[in-house]
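The values are calculated or read from the model by the stated rules, or taken from the named source; none is laboratory data. Values in this document were obtained by computation on a predicted structure and should not be read as measured data. Quick reminder, even Gly has a Cβ in these numbers, built from the backbone with ideal geometry, and neighbours come from all protein chains shown. Quick note on the areas: whole protein, heavy atoms, side chains included, nothing else; ligands and nucleic acids left out. Shrake-Rupley method; radii C 1.70, N 1.55, O 1.52, S 1.80 Å.
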Amino acid sequence: MQRFLAGRTFGFLLSIFIVAGIAFLYRQVLPANQTTVALSFLLAILAVSAVWGMAVSVFMSLVAMLTFNYLFLPPVGNFAIADPQNWVALGAFLVTSIMGSQLSARIRKEADEAHSRRREIERLYKFSQKLLGEGNVIQLMNAIPNYIVESFEAGAAELFLPQKDKFYRSGYGASHLDEERMKTAFLRDEMTIEAHQSLYFIPVRLGVRAIGSLGISGARLSRQTLDAVGSLVAIAIERARAVEQLGQTEAERQGERLKSALLDSVTHDFRTPLTSMKAAVTSLLASQKGNSAQRNELLSIINEECDRLNHLVEEAAEMARLEAGEIELHLAPTPVDEIIQGALAQMKASLAGRSVQVKVNQGLPPAEADEGRAKDILVNLIDNANLYSPKDQPIIISAELAGDYVTISVADRGPGIDDFEQGMIFDKFYRGKDQRYLVRGTGMGLPIAKSIVAAHKGTISVTSQLGHGSVFSFTLPVARGAGA
């Protein structure tokens, strides 16, 4: 208020100096006719009204009228008016200046109100963006008061939720608002505004139902803005609850799906080797006097199926370690040729009799990778292509540079993958609906490959067409400092 009065007092004094300056200009420096003087006074009055408002401009109009009469209307140097027409001119000047001041002041007021509304809309937008960034209900409750303080430059803010009978306050050390009045705002579902103290108590409504209340102090906000803040808070709380509930529902659904997939994998992939081992052991026990060749064959079956079971268990353990983040990568510049040749060497026995074509672009830079883990990715993709494509069809392994990444691809000429299934083949235990009972496997190879690629900050994808085969590709970042 003191600043306001000081500013208005300065305006009164300045208006006197402006009138005196115009009068001095046209009396001593640049003589002009009465019309020019009157218009100059009017322009100055309009300029002052745009800055200091109606009161100062009316005061300046009166001072300008008296000055105009005394110094420019005959008889000069006297407040008397000789010509009756000058009374009309003087009156017209006074009315015009006051009306112009009023219009200018009104325009200024409307401009200030528009600017204020624009700032409030910007603050509401900023506030809504912050609310949308939170998906956890508990974090949102604690963050809402701080968001209000930051967005609207308030002194303090509190949120009251009756369901938990708890108050959430803005930062440490902020003044506490009256809790009873906040409870009253919720119970009565009424807004309380104390503009002189910049204090507000607002019900938080979801539709026509109050779900809580807000207390805000130290900010100048309109009723419309307060209503919008209450509505945004209610929507954000309900949205966070819905997102959290949806997440829980999705987690339960995925859990049930995982259980079914795991059960399917165990009943099929574990039962098959166990059945073979059981049959071999039964044959051995039944034929105590069997020949040596037959016994060796049965023991070989048992040994192979034990290895198969061990591989299944190792894959499950590997998947668990990857998901728990317990695998540490030893990244180093690794030539792509070494990754490919290492994978082919490991798959040599499985690929016996199959044509494998390797196409690596010349001058390919090394990748920033853990060589052993990168080789595991490629082994899984090659094994997948070997299992799901005819033995007389080749497997094509290619590598090329794509920006800051090296892309390694494995192409086969198998039955292809349906568009619907392409989004699920990297899920744990998932196997193609047409292949799960025709080809051995656990459905963990591709998920393991995906997890290792993600650990390298790369991507893995598949392109497939039914009846024409599939192309699995993964990327590894180029080693730092390596040239193309």
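Data for the structure
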{"quantity": "Condition met for Arg123 (open to solvent by 50 Å² or more (accessible area, probe 1.4 Å), within 30 Å of Ala228 (Cα to Cα), out of contact with any Lys or Arg (no Cβ under 7 Å at 6 or more places or on another chain) and at pLDDT 75 or above)", "calculated": "no"}
{"quantity": "Single match in Gly416, Gly467, Gly481 (criterion: over 37 Å from the mean Cα position of the chain (by Cα), part of a loop (DSSP other than H, G, I, E, B), at pLDDT below 85 and at positive phi)", "calculated": "Gly467"}
{"quantity": "Residue count for the range 33-61, restricted to those that are surrounded by 15 or more Cβ atoms within 10 Å (Cβ to Cβ) and either under 24 Å from Asn78 (Cα atoms) or of a type in the set (S, T, N, Q) (or both)", "calculated": "14"}
{"quantity": "Options Arg27, Arg8; residue that is modelled with pLDDT under 80 and either in a helix (DSSP H, G or I) or within 30 Å of Asp112 (Cβ to Cβ) (or both)", "calculated": "Arg8"}
{"quantity": "Pair list, Cβ < 7 Å and 6+ apart or interchain, from the range 117-129 residues that are over 15 Å from Arg220 (Cβ atoms) to residues that are assigned to a helix (DSSP H, G or I) and among the aromatic types (Phe, Trp, Tyr)", "calculated": "Phe127/Tyr147"}
{"quantity": "Members of the range 177-195 that are modelled with pLDDT of 85 or more and at positive phi", "calculated": "none"}
{"quantity": "Scope the range 211-242; condition in a helix (DSSP H, G or I), β-branched (Val, Ile, Thr) and surrounded by fewer than 21 Cβ atoms within 10 Å (Cβ to Cβ); matching residues", "calculated": "Ile235"}
{"quantity": "Total residues in the range 5-31, condition over 16 Å from Asn69 (Cβ atoms), among the small types (Gly, Ala, Ser) and open to solvent by 30 Å² or more (accessible area, probe 1.4 Å)", "calculated": "2"}
{"quantity": "Positions within the range 112-142 being in contact with a Ser or Thr (Cβ under 6 Å, 6 or more places away or on another chain) and farther than 30 Å from Val51 by Cα, in sequence order", "calculated": "Lys126, Phe127"}
{"quantity": "Sole exception among (1) open to solvent by 70 Å² or more (accessible area, probe 1.4 Å); (2) touching a helix residue (DSSP H, G or I) at 6+ places or on another chain (Cβ under 9 Å); (3) farther than 20 Å from Lys109 by Cα; (4) not polar (S, T, N, Q) for Gly77, by number", "calculated": "(1)"}
{"quantity": "Hey, Ala242 more than 17 Å from Asn146 (Cα to Cα), in contact with an Asp or Glu (Cβ under 7 Å, 6 or more places away or on another chain) and of a type in the set (A, V, I, L, M) or not", "calculated": "no"}
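Residue-by-condition table, conditions (1) in contact with a strand residue (DSSP E or B) (Cβ under 7 Å, 6 or more places away or on another chain); (2) not small (Gly, Ala, Ser):
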{"site": "Lys166", "(1), (2)": "no, yes"}
{"site": "Leu177", "(1), (2)": "yes, yes"}
{"site": "Phe186", "(1), (2)": "yes, yes"}
{"site": "Asp189", "(1), (2)": "yes, yes"}
{"site": "Phe201", "(1), (2)": "yes, yes"}
{"site": "Arg209", "(1), (2)": "no, yes"}
{"site": "Leu214", "(1), (2)": "yes, yes"}
{"site": "Ala219", "(1), (2)": "no, no"}
{"site": "Ala228", "(1), (2)": "no, no"}
